[in-house]
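The values are calculated or read from the model by the stated rules, or taken from the named source; none is laboratory data. Since the structure is predicted, the reported quantities are computational estimates derived from the model, not experimental observations. Note: ideal-geometry Cβ built from the backbone for every residue, glycine included; neighbour counts use all protein chains shown.
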Amino acid sequence: MPEIKYGIIATEKFAEPKNWEIWDAPNNEEVLYQYFPEGTCLCPRSSYPDFFKLHLITIPNKKVVELKCLKLWINSFRNVGISHENLTYKIANTLFEVLKLKYIFVLMEYSPRGNLTTFPMTELLDDHFNSGLREEVSIIKRKILNKII
């Protein structure tokens, strides 16, 4: 029987948010920008791989996820058949709900396939989002978009 590699075991474990390490966020309000330069999922129609770069902007409320858990969760989509748009929303909504974030912006930068490049993006904010960090978030979003588009 072939040995199951530790990366497969870890990725499968952290595919479930209930297994994540969740930490207390700092008491000060801050904007987090995180960039994952390599991610994959599968086209739900052809099962060909879709390659993406992931940009996350979040404002934590009370909780943050440990970065290794986050990385392995993103890697867990490697064998999942899901559309670009649905994966973008799934990432945003899962993080928003599990961490009870004040704000999240997700931009997925997919590699061209069939002479088409896709940049799905979504934004979620809680009902009481009234942050003095709106301008900082806008600046980061503009820098990302100016860089890739």
Check your understanding: Within the stretch 101-147, which residues are of a type in the set (Gly, Ala, Ser) and over 20 Å from Ser83 (Cα atoms)?
Key -> Ser131, Gly132, Ser138
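Filter the stretch 1-39 for residues that are in a strand (DSSP E or B) and out of contact with any helix residue (DSSP H, G or I) (no Cβ under 8 Å at 6 or more places or on another chain); which is farthest from Leu70 (Cα to Cα)? So that I can check it myself, show each step before the final result.
Looking only at the stretch 1-39, we keep the residues that are in a strand (DSSP E or B), and these are 22-24, 32-39.
After this cut, where a residue has to be out of contact with any helix residue (DSSP H, G or I) (no Cβ under 8 Å at 6 or more places or on another chain) as well, the list is 23-24, 32, 35, 37-38.
Details: Trp23: 12, Asp24: 15, Leu32: 13, Tyr35: 11, Pro37: 13, Glu38: 13 Å.
Ranking the qualifying residues of the stretch 1-39, first place goes to Asp24.
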Check your understanding: For the stretch 23-37, does any single residue satisfy the condition of being surrounded by 10 or more Cβ atoms within 10 Å (Cβ to Cβ), modelled with pLDDT of 95 or more and of a type in the set (Val, Ile, Thr)?
Key -> no
Check your understanding: within 26 Å of Arg134 (Cβ to Cβ), modelled with pLDDT of 95 or more and of a type outside the set (Asp, Glu), is that true of Thr94?
Key -> yes
Practice item. Identify all residues within the stretch 100-126 that are surrounded by fewer than 21 Cβ atoms within 10 Å (Cβ to Cβ), on the phi < 0 side of the Ramachandran plot and not in a strand (DSSP E or B); write none if there are none. Key: Ser111, Pro112, Arg113, Leu116, Thr117, Thr118, Phe119, Pro120, Asp126
Check your understanding: Just wondering, is there one or more residues in the stretch 42-52 that are in a helix (DSSP H, G or I) and either buried (at least 17 other Cβ atoms within 10 Å of the Cβ) or modelled with pLDDT of 95 or more (or both)?
Key -> no
